[in-house]
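Read-outs: derived from the displayed coordinates by stated rules, not from any lab. A quick note: this is a predicted structure, and the numbers were derived from the prediction, not measured. In this analysis, Cβ positions are derived from the backbone assuming ideal geometry, glycine residues included, and neighbour counts consider all displayed protein chains.
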Amino acid sequence: MLHPDRLFPSDPTQRDIARRLYGEVAALPIVSPHGHTDPSWFAKDEAFPDPASLFVKPDHYAFRMLYSQGIPLEQLGVPRRDGGETSSDSRAIWRLLASNWHLFRGTPTSMWLTHAFETVFGVTERLSAASADRIYDQIEECLRKPEFRPRALFERFNLEVLATTESPLDPLVHHKAIRESGWKGRVITAFRPDPVVDPEFEGFRDNLAELARITGQDTATWEGYLAALADRRLYFKSYGATSTDHGHPTAATADLPRPEAKKLFDIVRRGGATAEEAELFRAQMLTEMARMSLEDGLVMQIHPGSFRNHNTLVFERFGRDKGADIPSGTEYVRALKPLLDRFGNERDLTIILFTLDEDSYSRELAPLAGHYPALRVGPAWWFHDSPEGMRRYREMITETAGFYNTVGFNDDTRAFCSIPARHDVSRRVDCSFLARLVAEHRMAEDEAADLAVDLAYRLAKNAYKL
Ligand SMILES: [Zn+2]
């Protein structure tokens, strides 16, 4: 099912160059500096239970498409918050995916799943209602073997390092267990403080109380709150974290005088902050996080512009991360100025900017990252993590920011078996982009070959200090 020339240019001259460049990077180890896999998989190293639990239930790309065509999330085994009934029949869930496989034609999900079916499980026929049970049985049989346990797959995928993402309130027990197990796989955490810096996050006030409990700091005062965050950052660093991650609705930053920041903190910690006050607080916290990054060296990632939990009914019934997050227009130039006025010229600080708003690539992000030493542009993200999205990214970013203000690829996935597929797509698309530059005599092939290795491997390692 997987053509060896997939995603390469159809023009024969460019295709030959792309093949040669890809030959330089195809077998490089995978560096996965940002994602959302579950560390308990690697801590416990238990067999994945069944194909639906591996491919459907944790993958919001898969179930959002099925939901959009009228299939209830209950039928796809997505757990309900109220404990209400939801399917536990994995084979039935699998058959639903299979009989609706046509919905994924032309989408990256189809490419990722096909890649995993074929390269990981040896499936050689297309998923359909007719093949559903055969493929289910084949994958399930594999999953019972030791070589399909999480750690064995991690090694087979040639993962050099894999970062997960945790809340500051997470005790990191799974990372601790991984470390103590003596297993050599490098699974590290990343610090995602949204639950304790976003006044609109569910349970914000309780989260502050929990933050106080685990750090022994008084989070009822501005100083104590900041000290608690600095403490947790160091704790995360002790479990390998090299980065923080901030999923704010906008890229707004602020640099308030201390008395004003204290006053604002008093308002938000009591609850009942207005939407404007909550936004200003998040904005102030990005600047505080940048200041802490200069002290502790953690690389900062900003992932703004997702309107989270857009579907109120789905949020109330199933909770977060259920495929109901929708991109929105995002402004950076004015939004980041307060932070950049403080820290934009720091050479020892790295802030990686992501966007769900492609309009901002050439107008805002490339010019910003192509000037400020502290800024880099993160790879095409989420809805744009597709062959077309990656091509648009290179076309719109490179002319102003070059390649070296970018940071390689992030798979940013919850679906473990999609990791090799996603990195392979990125490598093929980048090699194809470079092949065009070579064919147009804009770059020598030896430069392109060196650059291909940077894009596939070295840039991510350097930017994320891995
Ligand atoms: Zn992410």
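Under 37 °C and 0.692 mPa s, how fast does the stretch 217-292 diffuse according to Stokes-Einstein, given a Kirkwood radius computed over C-alpha pairs? Answer in µm²/s, whole number. Intermediate results must be reported in sequence, preceding the final value.
On the way: Rh = 13.2 Å.
Answer from the Stokes-Einstein relation: 248 µm²/s.
Let me check I have the definition right: for the stretch 162-202, take the eigenvalues of the Cα gyration tensor, multiply each by 5, take square roots. What are those semi-axes in whole Å, largest first? Kindly include the intermediate steps, with their values, before the conclusion.
Details: eigenvalues 134, 19, 5 Å².
Semi-axes from the Cα gyration tensor: 26, 10, 5 Å.
Return P(r) of the stretch 421-466 (all Cα-Cα pairs; 5 Å bins starting at 0; whole %; ordered from short to long distances).
5, 23, 26, 22, 15, 7, 2
Under 19 Å from a point placed 7 Å out from the Cα of Glu118 along the Cα-to-Cβ direction: which residues of the stretch 410-428 have their backbone N that close?
Of the residues in the stretch 410-428, 417-428 have backbone N under 19 Å from the label point off Glu118.
Work through the residues other than Val314 whose Cβ is under 14 Å from its Cβ and net out their charges, Lys, Arg +1 and Asp, Glu -1.
Summing Lys and Arg as +1 and Asp and Glu as -1 gives +2.
Work out the FRET efficiency for Arg105 and Arg363 from their Cβ-Cβ distance, taking R0 = 22 Å, and round it to the nearest 0.05.
Values: r = 32 Å, r/R0 = 1.47.
The value I calculate is 0.10.
Take every Cα-Cα pair in the chain and report what % of them are more than 29 Å apart.
51
Do the alpha carbons of any pairs in Lys44/Lys237; Lys57/Lys461; Lys57/Lys465 sit beyond 26 Å of each other, and which pairs?
Lys57/Lys461; Lys57/Lys465
Take the Cα gyration tensor of the stretch 27-94, multiply each eigenvalue by 5, square-root it, and list the three semi-axes largest first, rounded to whole angstrom.
Ellipsoid semi-axes (Å, largest first): 26, 16, 12.
Ignoring GluC sites (Glu not before Pro) that are buried or in helix or strand per DSSP, and keeping those with at most 14 other beta carbon atoms within 10 Å, what is the longest stretch of the chain between them?
The longest uninterrupted stretch comes out as 203-439.
Would you calculate a helix-derived [θ] at 222 nm for the chain, using -39,500 (n - 2.57) for each DSSP H run of n ≥ 4 and dividing by the full residue count, to the nearest 500?
Value at 222 nm, helices only, nearest 500: -14000 deg cm²/dmol.
By per-residue mean of other Cβ atoms within 10 Å, what is the highest-first order of 9-18, 226-235, 406-415?
Most protected by this proxy first, the peptides run 406-415, 226-235, 9-18.
What number results when the radius of gyration of the stretch 1-128, computed over Cα atoms, is divided by 2.2 N^0.38 Å?
1.28
Ser128 versus Met443, label points 7 Å from Cα toward the beta carbon: distance in nm?
4.1
For the stretch 44-201, what is the convex hull (Cα atoms) projected area averaged across all directions, in square nanometres?
11.3
Once you have the Kirkwood Rh of the stretch 311-434 from its Cα pairs, apply Stokes-Einstein at 25 °C and 0.890 mPa s and quote D in µm²/s.
Numbers: Rh = 15.8 Å.
Taking Rh from Cα pairs, D becomes 155 µm²/s.
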